[in-house]
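Peer 1: Structure provided below as structure tokens; questions to follow.
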Amino acid sequence: MTAPKLALTEGDLSTTAADAVVVGTLQGADGLELAPGADAVNAAFDGALLEVLGTLRASGKADELVKVPTFGKLAAPLVLAVGLGKSPENGVGEEQVRRASGVAARALAGKKRALNTLASLHVAAAAEGTLLGAYTFTEYKSDKGEGPVAKVDLIAAGSKENKAALKAAVAIAEAVAIARDFINTPPNDLYPGSFADRASKLATAAGLDVEVLDEKALKKQGFGGILGVGGGSTRQPRLVRISYKGAKATKKVALVGKGITFDTGGISIKPAAGMDEMTSDMSGAAAIVATMVLAAKLKYPLEIIASIPMAENMPSGDAYRPGDVLTMYGGKTVEVLNTDAEGRLILSDAIVRACEDGPDYLIETATLTGAQVVALGKRTAGVMGSDEFRDRVAAIGTAVGESAWPMPLPEELRADLDSRLADLANVTGHRWGGMLAAGLFLREFVAEGVQWAHIDIAGPAYHTGGAYGYTAKGGTGVPVRTIAAVLADIAANG
């Protein structure tokens, strides 16, 4: 997609030509308030902007948008007053700025230039929100629409710190857009082979090392989980390995993402209603590919190796069946009780391979269980894994605006994964604690001593409702920003 160009400026708002000026409003204790940064606009209205907004019944609630014509009081003909939500005691939060900037960006579609005063509150959040809010996916539309606003000037000092923050924010937003593009591409065009090809081209262009294992290499090396799941499709599976090593790397991090390019459920076929959303079942893989490209741009002082399994889960004469026993990479055996619990099978192969590299940390993400949505809803990811690292990942994810919650791995559920035939079964045989049971299953394949986190994004990865904040309908790019922030934290703190 075409993205807006962003620039820092300290120009005079009253004389700078633009199509619109964005200001923030807040729900204060005593009613509507103007957010910091709106002083110059308010002065142009002779101090009456708040009164005008009140007349238009602005409340300042999150995602609210009120348009005010300037009647020549500013060089821009329009003021966009965007709600930030409740006024917090310790200042406006980054996510409030990010969401409000996203709302403004969506409203500015087709415009040439806008001025965003929210950047005075937080440059990076305003930049991310603007770029993510402006995102559209029109690859398959005959009418491409108006397109995003061409340029947004962020009203903030052009300091060294702000310039660095803007550069990083643009790179992060571009990575999220890469993931969203992958997710929004339909499965007739994005299947294991084409996904691997596209990922390879992106990674190679970023200067990363790439290895792609096709079905022959997977068979030779014993990746029984990936081959079992992908065997029912005429479009055979892949395992993509992408490597990055930054200067003065202090820690090694393994990344793994689920890449089911379409999930019918296999022989344990899904209901027809909503099956089209299974085009998003490769969201974890999309996030990992995008994060690797981002790592090369931001030059983390880390060694990062991604193992990304890709398969299409289809029913056919060659499909794996309930009752089959698969020999996974590394030798463990798994009895298949449900072919719709396929993600954990391809991930297990990839996790074992990733652990062979001797990482200090392992981060894995997947649209893994419907139970995640039942437990936490559509916008909050469930995080499982090593207790300390799990909590760290969840806290960082929430801090960057990708809501996450740490979840337990109850030992009493582990016995429910015992199999009469194999080392373990791929499901428990009951519906209780499904997200947690999946986490316990994956834990069986993580090497001892590796700090790991599994991020279940079944709900947050794909938005089916109307746009809100900086999130449009379709692929969200979650958890690219979480993983990027965790990598930065590991680089800084070990």
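Peer 1: Just to be sure I understand the filter: pairs with C-beta atoms under 7 Å, separated by 6 or more residues or on different chains, first member in region 302-326 and farther than 14 Å from GLU342 by Cα, second member basic (Lys, Arg) and part of a loop (DSSP other than H, G, I, E, B). Which pairs pass?
Peer 2: That search, which allows pairs on different chains as well, returns LEU302/LYS251.
Peer 1: Kindly provide the set of residues from region 6-33 that are aliphatic (A, V, I, L, M), more than 24 Å from TYR135 (Cβ to Cβ) and more than 31 Å from the chain's Cα centre (by Cα), ordered by number.
Peer 2: LEU13, ALA17, ALA29, LEU32, listed by residue number.
Peer 1: Right, here's the next one. Within region 148-266, which strands (runs of 3 or more DSSP E) (wholly inside it) include 1 or more residues that are in contact (Cβ under 8 Å) with a residue 24 or more places away in the chain, among the hydrophobic types (A, V, I, L, M, F, W, C) and within 18 Å of THR291 (Cβ to Cβ)?
Peer 2: Correct list: 209-213, 238-245, 252-257.
Peer 1: Can you confirm whether region 179-194 contains a residue that is more than 21 Å from the chain's Cα centre (by Cα) and under 25 Å from THR398 (Cβ atoms)?
Peer 2: no
Peer 1: Scan ALA415, ALA438, ALA461 and give me the residue that is under 21 Å from SER280 (Cα atoms), at pLDDT 95 or above, among the aliphatic types (A, V, I, L, M) and over 19 Å from the mean Cα position of the chain (by Cα).
Peer 2: It is ALA438.
Peer 1: May I pose another question? May I ask you to list the residues in region 38-50 that are surrounded by 23 or more Cβ atoms within 10 Å (Cβ to Cβ) and not in a helix (DSSP H, G or I)?
Peer 2: Selection gives ALA38 alone.
Peer 1: What are the residues in region 70-99 that are in contact with a helix residue (DSSP H, G or I) (Cβ under 6 Å, 6 or more places away or on another chain), assigned to a helix (DSSP H, G or I) and crowded, with 22+ Cβ neighbours inside 10 Å, if any?
Peer 2: VAL97, ARG98, listed by residue number.
Peer 1: Related question: Got a sec? Which of GLY230, GLY222 is buried (at least 18 other Cβ atoms within 10 Å of the Cβ), assigned by TED's automatic domain parsing to the domain that holds TRP452 and under 24 Å from TYR320 (Cα atoms)?
Peer 2: After ruling out the rest, the residue left standing is GLY230.
Peer 1: On the given criteria, is LEU115 in contact with a Gly (Cβ under 9 Å, 6 or more places away or on another chain), more than 21 Å from VAL480 (Cα to Cα) and either modelled with pLDDT under 95 or assigned by TED's automatic domain parsing to the domain that holds VAL79 (or both)?
Peer 2: Values: in contact with a Gly (Cβ under 9 Å, 6 or more places away or on another chain): yes; more than 21 Å from VAL480 (Cα to Cα): yes; either modelled with pLDDT under 95 or assigned by TED's automatic domain parsing to the domain that holds VAL79 (or both): yes.
So LEU115 passes the test.
Peer 1: Okay, next question. Could you tell me whether THR204 is among the β-branched types (Val, Ile, Thr) and either touching a strand residue (DSSP E or B) at 6+ places or on another chain (Cβ under 8 Å) or modelled with pLDDT under 95 (or both)?
Peer 2: The answer is yes for THR204.
Peer 1: Sticking with this one: Quick check on ALA104: is it of a type in the set (A, V, I, L, M) and either surrounded by fewer than 24 Cβ atoms within 10 Å (Cβ to Cβ) or more than 23 Å from LEU65 (Cα to Cα) (or both)?
Peer 2: Spelling it out, it is not the case that ALA104 is of a type in the set (A, V, I, L, M) and either surrounded by fewer than 24 Cβ atoms within 10 Å (Cβ to Cβ) or more than 23 Å from LEU65 (Cα to Cα) (or both).
Peer 1: Further question on the same structure: Would you tally the residues in region 391-429 being more than 11 Å from VAL486 (Cβ to Cβ) and basic (Lys, Arg)?
Peer 2: 2
The values are calculated or read from the model by the stated rules, or taken from the named source; none is laboratory data. Quantities reported herein were computed from a predicted structural model and do not represent experimental measurements. Here the Cβ is made from the backbone with ideal geometry for all residues, glycine too, and neighbour counts use every protein chain on show.
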